[in-house]
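What follows is one structure encoded as structure tokens, with my remarks underneath.
Coordinate-derived values only; no laboratory data. Since we're looking at a predicted model, the values are computed, not measured. Every residue, glycine as well, gets a Cβ built from its backbone with ideal geometry; the counts of neighbours run over all protein chains shown.
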Amino acid sequence: MNEQLPSEESAREADRTDVFPSRRDEFHLLPQAGGGEIAYLAGNSLGLQPKIMRGRLEQELDDWAQLGVEGHGEAMRPWVSYHELLREPAARLVGALPHEVVMMNTLTVNLHLMMISFYRPTAKRHLIVIEDSAFPSDSYAVRSQAALHGFDPDEAIVRLKPRDGEFTLRTEDILSTLRELGDSVALVLLGGVNYYTGELIDIEAITAAGHEQGAIVAIDLAHAAGNVPLKLHEWGVDWAAWCTYKYINSGPGATAGAFVHERHLGDKTIPKLHGWWSTKPETRFQMEPVVDEPHSADAWAMSNPPILAMAPVLASLEMFDEVGLDTLREKSVRLTAYLESLLDIISVGRPMRVITPRNPERRGAQLSVQFDNIDVGPLTERLRSEYGVVADARQPDVIRFAPIPFYSTFHDCWRVADALAQLVETR
Ligand SMILES: Cc1ncc(COP(=O)(O)O)c(C=O)c1O
């Protein structure tokens, strides 16, 4: 143990006395080789499995086994309208009106579907602004969209970089870049919380600045949904998309979400790729050849809902409703601040530093730690195999730690710091 750290017992005491009644027992914690539990700090990559999931999936499998096709109408939760069940709880998580949200597909697919509608470049206005540290899938998606419209991706994509010697973007710099680019910007697509640095951007200010230039402003909420409070409708964001397997704990590849601001709903001049779920439910089975779009984000849905990929999302959203995102956020702020304080202690004299913003308002549950001249892959592996700490490495030089308010503890945070103190030599 590192003698500068507070005692292990004090971390356990913080867990015993915290005002939030932990929901840890409701999740499958990973067993540690040799006994005990893994300290799981990778819920920003894949959330742990809530114990209710198996029963919820079995319910759908039983309905399928016993009802066959009749399950569309007669399953306990009828499949034909299953996605409707997800709409309101999902809208609450992202601060949207219910009809602005549709749960469908996977995240990158939704990014593309939204860009089909909202990236309609002209010779003059065709730039897409993203963060330089955007997740690669977003980067590939925007580059391929620019190419689809005949533009050179190297010219059409503007990548926002932090100032020299800094790790995260300053809002004032984002706003001034948007002003400089002016009416050449067609689309601003930024991560609400950046996957690499953990920075929570000022979505409201950036949306207003993008709109001043006549651009569409879109947010990838992969690392923000279920993590931080959001007000997409009030902030006026044009569209957003997110996955549900990180903070929303719905399992690998579970059904994703999309938001389209009310101001764009019902606008039939916006091009969309249609399928039979893009038409109004009341006329869907009249089998007409021409789509009859609803006045909702469902106009972007295409296929019938994938029940086995949606059942976990519904179950998880119910857990969020039970606890409330505000309560989770309060616990999250406490856990993250505690982890930060420990990482600060052990960073002294070691080649490592937290690069996530210090201001709790500008971050969610994740702290990214950057290391000098240390290969983060093997270090992450040793954290797991020798100390039972699961985090994830992101090349080139960062390990991300995310204490998740549903199931992480102050003691988990202590284990992170204690393990790093032992594995990373002082300079
Ligand atoms: C910011 C961001 N965008 C896009 C993706 C890709 O998601 P999917 O594989 O669900 O399309 C991820 C996945 O981690 C992500 O973190």
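Observations on the structure shown:
- Calculated FRET efficiency for the pair Asp173/Glu330, C-beta based, R₀ 35 Å, to 0.05: 0.70
- By the Stokes-Einstein formula, at 1.002 mPa s and 20 °C, the stretch 297-427 with its Kirkwood radius over alpha-carbon pairs has D equal to 129 µm²/s.
- Taking the convex hull of Cα positions in the stretch 129-226, its mean projected area over all directions (nm²): 6.1 nm²
- If the segment from Glu386 to Glu74 were pulled out straight at 0.36 nm per residue, it would be longer than the present Cα-Cα gap by 107.2 nm.
- All Cα pairs of the stretch 34-182, percent lying beyond 26 Å: 53 percent
- Spin-label pair Leu273/Gln395, simplified geometry with 7 Å Cα→Cβ offset, distance in nm: 2.9 nm
- Cα-based radius of gyration for the stretch 232-355, normalised by 2.2 N^0.38 Å, reads 1.51.
- Top positive-direction residue, dipole computed over the chain with Cβ charges, set Leu160, Ser347, Asn105: Leu160
- Kirkwood hydrodynamic radius of the stretch 310-352, from inverse mean 1/r over distinct Cα pairs, in Å: 12.7 Å
- Rg over Rh, two decimals, the stretch 3-90 (C-alpha only, Kirkwood Rh): 1.17
- Contour minus Cα-Cα distance for Asp25 and Asp375 (0.36 nm per residue): 122.5 nm
- If you model the stretch 67-110 as an ellipsoid using its alpha carbon gyration tensor, with each semi-axis the square root of five times an eigenvalue, the axes come out at 24, 13, 7 Å, biggest first.
- Cα-based Rg / Dmax (Å) for the stretch 329-382: 12.1, 35
- The stretch 170-288 - Debye-derived log10 I(q)/I(0), Cα point model, q = 0.11, 0.19 Å⁻¹: -0.46, -1.08
- Only Lys, Arg (+1) and Asp, Glu (-1) charged, at Cβ; the stretch 167-308 dipole about Cα centre in debye: 420 debye
- Percentage of interatomic Cα-Cα distances in the stretch 86-172 larger than 16 Å: 64 percent
- The orientation-averaged projection of the convex hull spanning the C-alpha atoms of the stretch 38-83 amounts to 4.4 square nanometres.
- The convex hull of the Cα atoms of the chain, projected and averaged over all directions, covers 21.9 nm².
- Cα-Cα over 29 Å, subset of Lys51/Lys280; Lys161/Lys246; Lys231/Lys272: Lys51/Lys280
- Inverse of mean 1/r across different Cα pairs in the stretch 1-47, Kirkwood, Å: 13.1 Å
- Centre-to-centre separation between the Cα atoms of the stretch 280-314 and those of the stretch 98-171: 26 Å.
- Amide N of the stretch 294-330 lying under 20 Å from the label point, which is placed 7 angstrom from the Cα of Gln59 along Cα→Cβ: 305-324
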